[in-house]
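Remarks on the structure that follows.
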């Protein structure tokens, strides 16, 4: 068969806009997800049962219900309660909350990897909870949190494609749109697959560069101590 | 708005079938995934550079593109490319299986790295052929050590199956979409679907954690 890439080239502005939307959605929802993750993680590791249990329930709900169902619930069910959100807002909220649950588990793993002595020492110095969490514990968990955190961020970038089902004009939606009008499924879907692939490879390369810098910085004081 | 489950419950027959269908598709896709994952593991440990790099590129592609796009490619692009007309069922299972295969390969690789070197040396010293070493000695141990992780991978597969609703496969998500289009009660229907998914995934992942605990105890 022959390939007809003119359909892609003629519609390049649609694809470009889709790519920009994908970048926008992941660019907002990943940082927000990390913030939610830190918050939920603090609740999850708290001593008080009243704070811990809601966090556990939230994390388990998010980890065991497919994202698509959550998106559909927010998009189709909330209007019955008078809350009408646009597709983009729905997507941003769902993705950040969904990613937040996964980030929370990653952060919890990091905090649990820190030895108990660090907590004891911080407490013995009379540091307040908020202060020692912020200045003693969290700076140490970077090395444990970074690799799995990158994975979750990458998953979130890929999951933005689900938003095409609620008419958000991101990359997959743009491809379906072009395919619907020109009927060139092979070319359009191959093109966006390659775009997604380049996006993720770029993202992984960038995070690797950051990772190397973090490793160097964390290695420095340890070397000085020796 | 008040929830009226009483109105929905009598009509949930298709959703029940959808749930069973989801599990059925999940099991088939998982089998394909394990098969693909094993082949990838063998390719990755191959002697030839070309086969090794094929496995690497495959893994990078699968992990770098959304599952939805892979499903769309399998469904819309495979038929015009190869001339083989596969239905949505085969396309969906293949797409999810090939997707899951890349992740299974990573899991197996983790398991393989825990096999002590002595196993290889002992097998070689006994004069076993290469294929026998893999099939009879290495792979059984690898699979045995990663069973809990494979169970977790199964929940991941179940969580991708809603995407099959885009290619007209009537699994749980599609069945509930049809039901709420009919009854116009998305709150109850989607809530029910979420509960069903939660029950399926949660019980499987708890089972996986139980296996993990048991295997840890067994090892100590």
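Among the residues of segment A:170-210, those that are more than 9 Å from chain B (Cβ to nearest Cβ) and either surrounded by fewer than 16 Cβ atoms within 10 Å (Cβ to Cβ) or at positive phi (or both) comprise A:180, A:181, A:183, A:202, A:205, A:206, A:208, A:209, A:210. Within segment B:170-205, the residues that satisfy the criterion of being farther than 30 Å from residue A:82 by Cβ and within 17 Å of the chain's Cα centre (by Cα) are B:171, B:200, B:201, B:202, B:203, B:204, B:205.
When we screen A:52, A:47 for residues that are away from every other protein chain (no Cβ under 14 Å) and not in a helix (DSSP H, G or I), the only hit is A:47. Determine, yes or no, whether residue A:205 is more than 30 Å from residue B:75 (Cα to Cα) and assigned to a helix (DSSP H, G or I). Answer is yes for this residue.
Every test in (1) away from chain A (no Cβ under 14 Å); (2) within 30 Å of residue A:74 (Cα to Cα) is passed by residue B:192 save one, and that test is (1). What is the number of the single condition among (1) surrounded by fewer than 18 Cβ atoms within 10 Å (Cβ to Cβ); (2) under 24 Å from residue B:206 (Cβ atoms); (3) within 14 Å of chain B (Cβ to nearest Cβ) that residue A:78 does not meet? All conditions pass for residue A:78, except number (2). Taken over segment B:139-163, the residue count meeting the criterion of being surrounded by fewer than 19 Cβ atoms within 10 Å (Cβ to Cβ), free of Cβ contacts under 8 Å to residues at least 40 places away in the same chain and either on the phi > 0 side of the Ramachandran plot or in contact with a helix residue (DSSP H, G or I) (Cβ under 8 Å, 6 or more places away or on another chain) (or both) is 2. Among the residues of segment A:82-98, not a single one is within 9 Å of chain B (Cβ to nearest Cβ), crowded, with 18+ Cβ neighbours inside 10 Å and over 16 Å from the mean Cα position of the chain (by Cα).
Just one of the numbered conditions (1) over 19 Å from the mean Cα position of the chain (by Cα); (2) within 14 Å of chain B (Cβ to nearest Cβ); (3) within 30 Å of residue B:2 (Cα to Cα) is not true of residue A:67: (1).
Residues that are surrounded by fewer than 15 Cβ atoms within 10 Å (Cβ to Cβ) and closer than 15 Å to residue A:197 by Cα were ranked within segment B:47-85; the one that is farthest from the other protein chains (Cβ to nearest Cβ) is B:56.
In segment B:189-197, is there at least one residue being in a helix (DSSP H, G or I) and under 15 Å from residue B:152 (Cα atoms)? It would help to see each step written out before you state the result.
As a first pass, look at segment B:189-197 and keep what is in a helix (DSSP H, G or I): B:189-197.
From what is left, the residues that are under 15 Å from residue B:152 (Cα atoms) are B:197.
Scanning segment B:189-197 turns up at least one residue that is in a helix (DSSP H, G or I) and under 15 Å from residue B:152 (Cα atoms).
Annotation for segment B:115-130: no member residue is within 25 Å of residue B:95 (Cα to Cα) and either modelled with pLDDT of 85 or more or assigned to a helix (DSSP H, G or I) (or both).
Whether any residue in segment A:7-16 is assigned to a helix (DSSP H, G or I), more than 20 Å from residue A:86 (Cβ to Cβ) and under 23 Å from the mean Cα position of the chain (by Cα) is what I want to check. So far as segment A:7-16 goes, yes, one or more of its residues are assigned to a helix (DSSP H, G or I), more than 20 Å from residue A:86 (Cβ to Cβ) and under 23 Å from the mean Cα position of the chain (by Cα). Among the residues of segment A:13-47, those that are surrounded by fewer than 18 Cβ atoms within 10 Å (Cβ to Cβ), in contact with a helix residue (DSSP H, G or I) (Cβ under 9 Å, 6 or more places away or on another chain) and closer than 30 Å to residue A:110 by Cβ comprise A:23, A:24, A:28, A:31, A:32, A:35, A:38, A:39, A:45, A:46.
So which of B:183, B:166 is out of contact with any helix residue (DSSP H, G or I) (no Cβ under 6 Å at 6 or more places or on another chain) and within 10 Å of chain A (Cβ to nearest Cβ)?
B:166
Looking at segment A:2-12, is at least one residue over 14 Å from residue A:97 (Cβ atoms), modelled with pLDDT of 90 or more and touching a helix residue (DSSP H, G or I) at 6+ places or on another chain (Cβ under 7 Å)? No, there is no match, as no residue in segment A:2-12 is over 14 Å from residue A:97 (Cβ atoms), modelled with pLDDT of 90 or more and touching a helix residue (DSSP H, G or I) at 6+ places or on another chain (Cβ under 7 Å). Output yes when any residue across segment B:144-155 is part of a helix (DSSP H, G or I), within 16 Å of residue A:162 (Cβ to Cβ) and modelled with pLDDT of 90 or more, and no when none is. Scanning segment B:144-155, I find no residue that is part of a helix (DSSP H, G or I), within 16 Å of residue A:162 (Cβ to Cβ) and modelled with pLDDT of 90 or more, so the answer is no. For residue A:161, indicate whether it is part of a helix (DSSP H, G or I), at the interface with another protein chain (Cβ under 9 Å from one of its Cβ atoms), closer than 28 Å to residue A:66 by Cβ and under 17 Å from the mean Cα position of the chain (by Cα). Criteria met by residue A:161. Please tell me if residue B:41 is more than 21 Å from residue B:165 (Cβ to Cβ), modelled with pLDDT of 90 or more and surrounded by 14 or more Cβ atoms within 10 Å (Cβ to Cβ). Against the criterion (more than 21 Å from residue B:165 (Cβ to Cβ), modelled with pLDDT of 90 or more and surrounded by 14 or more Cβ atoms within 10 Å (Cβ to Cβ)), residue B:41 qualifies.
The values are calculated or read from the model by the stated rules, or taken from the named source; none is laboratory data. Because the structure is predicted, anything quoted here is derived from the model rather than measured. FYI the Cβ positions are ideal-geometry reconstructions off the backbone, even for glycines, and counts take in every protein chain you see.
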